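Have a look at the structure below, then the notes.
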Amino acid sequence: MSTVDFIRHVRLSTARLPLTVPISDAKVFTGRQKPMTEVVFLFAEITTELGHSGIGFSYSKRAGGPAQYAHAKEVAEGLIGEDPNDIARIYTKLLWAGASVGRSGVATQALAAVDIALYDLKAKRAGLPLAKLLGSYRDSVRTYNTSGGFLNATLEEVKARATQSTEEGIGGIKIKVGLPDSKEDLRRVAGIRDHIGPDVPLMVDANQQWDRATALRMGRRLEEFDLIWIEEPLDAYDFEGHAHLAQVLDTPIATGEMLASVAEHKGLIAANGCDIIQPDAPRVGGITQFLRLAALADERGLGLAPHFAMEIHLHLAAAYPREPWVEHFDWLDPLFNERLETKDGRMIVPDRPGLGVTLSDQARAWTTESVEFGA
């Protein structure tokens with residue numbers, strides 16, 4: 001079979017995924033954001049002359065989705081006629097096509113959908129799951145549930161969801177903290193720890209809402225709960241503050257999900273700002289950039305727990321040398337025809353080629369705009 005191929009057709013689309021219940025974390029309770037009611041997705045579908053295809057996506061919670069779509073539309077025509085195997089070169093070409101608006105944030109998040117689609121295509125062409133194409137270290141990854149632990153839920157509701165999650169084979173439970181009343185945070189953590197018992201992994205996430213003094217005080221109070229990590233105790237860009245917490249607390253510090261480029265993560269890593277790094281492939285520009293970042297993190301001996309988008313991050317976590325975690329979110333289930341399997345506290349890497357997902361009819365129905373390039 002010929003190894004020479006060219007991109008023939010590109011379809012970009014944006015879809016709005018409505019959430020069943022408005023979601024609130026600490027940013028809502030501190031007045032910085034409104035409850036989240038939807039997630040906006042950017043999908044890229046790429047087809048080649050030889051009939052190979054791939055799909056990738058990026059997303060935005062709250063504002064930013066239309067901007068991602070608009071930027072992708074401006075540069076996507078540059079894909080036509082390119083060899084889909086040359087992923088890094090294509091990324092660089094598209095990056096410079098829109099470089100006047102920067103090389104992070106919306107500009108690279110728009111490219112992430114394309115980059116991920118090209119990796120999906122390449123793995124499908126090889127007949128391999130993406131994890132195997134990258135070189136996996138494991139066929140399953142430790143997993144924890146976040147979507148049941150938001151602050152809009154009562155403690156009893158969080159307990160019920162934790163029970164459901166563990167019964168479904170999800171290994172760990174993460175709950176949100178960062179309320180204006182720290183005593184209520186401690187009540188909820190104590191309640192869920194008592195409910196799930198001492199052996200189930202438990203994490204907390206403050207979503208950047210503590211100042212340095214509060215984070216240190218709460219970090220010390222939370223030591224008794226034997227947490228796997230404390231996530232985003234400080235502003236995402238306070239690398240120095242996170243580094244101090246990582247140094248003085250026994251509980252590991254996790255952060256990184258809000259950083260929008262490899263360059264920003266390099267600053268976090270250089271400052272020793274975390275024990276566990278939490279990059280998000282769609283946010284940093286796709287798999288090409290994520291792999292650069294993962295190499296840096298591994299060199300520094302960091303744990304890895306990618307943020308959100310388990311359909312992508314399961315494969316990337318499976319290819320990380322150190323035993324990672326992957327975040328289980330069921331929000332995206334309506335978008336895809338396939339489901340990821342969890343068993344005995346781990347998420348199983350699917351044996352389907354590529355990412356192993358296809359867009360559902362519901363995803364098509366939620367599409368608000370689309371554009372096509374090529375034949």
Derived scalar couplings ³J(HN,Hα) [the range 202-208; Karplus, 6.51 cos²θ - 1.76 cosθ + 1.60; whole Hz; x for Gly, Pro]: 10, 10, 10, 9, 8, 6, 6
Cα long-axis angle, helix 87-97 against the chain (0 to 90 degrees, to the nearest 10): 90
Give me the base-10 log of I(q)/I(0) for the chain at each q in 0.07, 0.10, 0.12 Å⁻¹, Debye formula, one uniform scatterer per Cα, rounded to two decimals. -0.29, -0.61, -0.88
At 1.4 Å probe size, with every protein chain present, just tell me what the per residue accessible area of the chain comes to in Å². 39
With a point put 7 Å past each Cα toward its Cβ, work out how far Thr20 is from Ser360 in nm, to one decimal. 1.1
Once the Cα atoms of helix 239-248 and of the chain are each reduced to a long axis, what angle between those two axes, in degrees from 0 to 90 to the nearest 10, is obtained? 50
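For an R0 of 51 angstrom, estimate the FRET efficiency from the Cβ-Cβ distance between Arg62 and Glu224 and round to the nearest 0.05. Display every interim value, and only then the final one.
Numbers: r = 35 Å, r/R0 = 0.68.
FRET efficiency, Arg62 to Glu224: 0.90.
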When the chain is modelled as a GNM with alpha-carbon springs shorter than 10 Å, which of Gln247, Gln68, Gln278 fluctuates the most? Gln247
The chain: angle of helix 106-126 to the longest principal axis, Cα-based, in degrees nearest 10: 70
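Find, among the trypsin sites (Lys or Arg not before Pro) in the range 121-159, those assigned to loop by DSSP (not H, G, I, E, B) with at most 16 other beta-carbon atoms within 10 angstrom.
Working: sites: Lys122, Lys124, Arg125, Lys132, Arg138, Arg142, Lys159; in loops: Arg138.
The qualifying sites are Arg138.
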Can you give me the % of accessible surface on the chain that is carbon or sulfur? Probe 1.4 Å, all protein chains present, nothing else counted. 49
Segment Ala70-Thr163, extension gain: residue separation times 0.36 nm, minus the distance between their alpha carbons: 29.3 nm
Given the DSSP H assignment, sum -39500 (n - 2.57) over each helix run of at least 4 residues in the chain and divide by its residue total; what's the result at 222 nm in deg cm²/dmol, nearest 500? -11000 deg cm²/dmol
Hey, any idea what Rg/Rh is for the range 19-129, computing Rh the Kirkwood way over Cα pairs? 1.07
Computed FRET value (nearest 0.05) for Asn152 with Val4, which takes r as the C-beta separation and R₀ as 35 Å: 0.10
Go ahead and set up a Gaussian network model of the chain, Cα springs under 10 Å, then flag whichever of Pro282, Pro35, Pro252 fluctuates most. Pro35
The answer for trypsin sites (Lys or Arg not before Pro) in the range 31-93 that fall in a DSSP coil and have at most 15 neighbouring Cβ atoms within 10 Å is Arg32, Arg62
For the cross-link pairs Lys34/Lys176; Lys27/Lys174; Lys27/Lys159; Lys132/Lys343; Lys61/Lys174; Lys122/Lys343, which exceed 25 Å when the distance is taken from alpha carbon to alpha carbon? Lys122/Lys343
With springs only between Cα atoms under 10 Å, which of Val349, Val75, Val248 fluctuates most in a Gaussian network model of the chain? Val248
What translational D, rounded to a whole number of µm²/s, comes out for the range 248-335 from Stokes-Einstein when the hydrodynamic radius is the Kirkwood one over Cα pairs, at 4 °C and 1.567 mPa s? 100
How far apart, in nm, are two points set 7 Å out from the Cα along the Cα-to-Cβ line at Gln247 and at Trp331? 3.5
How far apart, in nm, are the 7 Å Cα→Cβ label points at Val101 and Arg138? 3.8
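The values are calculated or read from the model by the stated rules, or taken from the named source; none is laboratory data. Computed from a predicted structure; not experimentally measured. Neighbour counts are summed over all protein chains in view; Cβ atoms, including those assigned to glycine, are modelled from backbone coordinates with ideal geometry. For accessibility, only protein heavy atoms count, side chains too; no ligands or nucleic acids. Shrake-Rupley method; radii C 1.70, N 1.55, O 1.52, S 1.80 Å.
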